[in-house]
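One structure is given here, and the rest of the page talks about it.
The values are calculated or read from the model by the stated rules, or taken from the named source; none is laboratory data. Owing to the predicted nature of the structure, the values given are computational and were not obtained by experimental measurement. Please note: Cβ atoms are built from the backbone with ideal geometry, for glycine as well, and neighbour counts cover all protein chains shown.
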């Protein structure tokens, strides 16, 4: 009797071992469970500026100056008036282009042929634009007054990070089609050269949407998948108050400016992801 009992226990243990090995051989479906991954690709975008200059008003005592006093260096600028105006890119804008790479961490639930999940990502690269003028552009001053000029403007997207919610459909047991939506925030470093060089850091963020197809690389590892997809981000509108020491002054006679920047970006990437834990295994 004891020998029979030992044989039954051994058989059950062997059955459990074989079942566990079979489950491991099947691996996780693409995007299922806790996964980590890396990606690389190219990114492009467009930046649209809008600047509203509120002009300058003549100083109150200019009407009491004599003709000789008005001809003194600086008096003409001090006593002139300018209604200002608006510059806006209504069609097109400044192009962004470059490569980027990063990583992702997420968790997904497989529900029959359906899928839901959460995912965070972080990317960095050299996505940037640069404009160079053949001759310096005068922003203010000139003549007897020292001119403020600018010759190049460049902006580089240092990094992007954010969180997404994902939904999807399993085309088959090895292929997952997903769509995601969330928010991404990017850091931009802006530089200008001219009579004085300036630099500043700006942050732009907004809604982001994307799609991808993920396929299991069973020949390499049952838990490894390849992902090909794209992500679109709208940076919304950001007010630009200053660049370096260039303040948007609002003095008594000089009304400064109201500047804002809007834009969007599209990133196409390919990556690998590896699933390694499912909370259901705890129960």
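Of note:
- Search result, residues across region 227-258 that are modelled with pLDDT of 95 or more and buried (at least 17 other Cβ atoms within 10 Å of the Cβ): 227, 229, 231
- The single residue among 215, 264 that is within 25 Å of residue 48 (Cβ to Cβ) and either in a strand (DSSP E or B) or modelled with pLDDT under 90 (or both) turns out to be 264.
- Selection within region 115-136 - surrounded by fewer than 12 Cβ atoms within 10 Å (Cβ to Cβ) and farther than 26 Å from residue 267 by Cα: 134, 135
- Qualifying positions in region 203-220 - surrounded by fewer than 16 Cβ atoms within 10 Å (Cβ to Cβ) and under 16 Å from residue 156 (Cα atoms): 203
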